[in-house]
Amino acid sequence: MKKAVIVLILVSILITGCEAKKVEKLTDSERFANEYGISDNNPFIYAKYDEVIELFQSKKAIVLFANSDDEKSKKAVKVIYEQSKKDKVDKIYYYNPMILKEKQPKKYKKLVEEIEKSIPDYKLILPTLYAVDNGKIVNYSDCFSKKEQLEDEYLTKKRKESINEKYSNIFNYCESE
């Protein structure tokens, strides 16, 4: 009886066919678009912890700390993305430090220490956009760190212009060499 069941299963598999489904890997920009609800034609690149540390120690780059589970981060990313298009930014490194804070507190502490080399007593706030140059944070903006900044009424035309200008200053600094 067991042999008959096994034979029937094998025959049904052969008849219906086994089709291997190819799993397509998403690009960073596609993955980021899915998390933040923006176009997949975006400049965001996922960075790993070691890469972020290296960026803060010795590179010239734009780095975004955000968390896709956070409404402030989602709102900020949309504004950052729109301004990055205007300024023709081709690369923004993205990292979510909250994963470290929960699972690897020693690494999180090291990351905060790297930031504090440039900004003493700085508390890591999400979202924050950094301009980094050769081991130093030369500009940063945490424009959406306060709760009231989530409200549409807060984002008047004048405030939007001010926020966009702050982001543009970060982008322009890192794009000029």
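Modelled spin-label separation between residue 28 and residue 117, with each label point placed 7 Å from Cα along the Cα-to-Cβ direction: 2.1 nm. Overall dimensions of segment 29-97, expressed as equivalent-ellipsoid semi-axes from the Cα gyration tensor (√(5λ), whole Å, largest first), are 19, 14, 10. Put a dot 7 Å past the Cα of residue 48, heading toward its Cβ, do the same for residue 172, and the two dots end up 3.6 nm apart.
Consider a paramagnetic label point 7 Å from the Cα of residue 57 along Cα→Cβ; state which residues of segment 116-132 have an amide N under 17 Å from it. Residues passing the 17 Å test: 116-118, 132.
Read the figures in this text as sums done on the coordinates, not as results from a lab. Remember, it's a predicted structure, so these values are computed and weren't measured experimentally. Note that each Cβ is placed from the backbone with ideal geometry, even for glycine, and that neighbours are counted across all protein chains shown.
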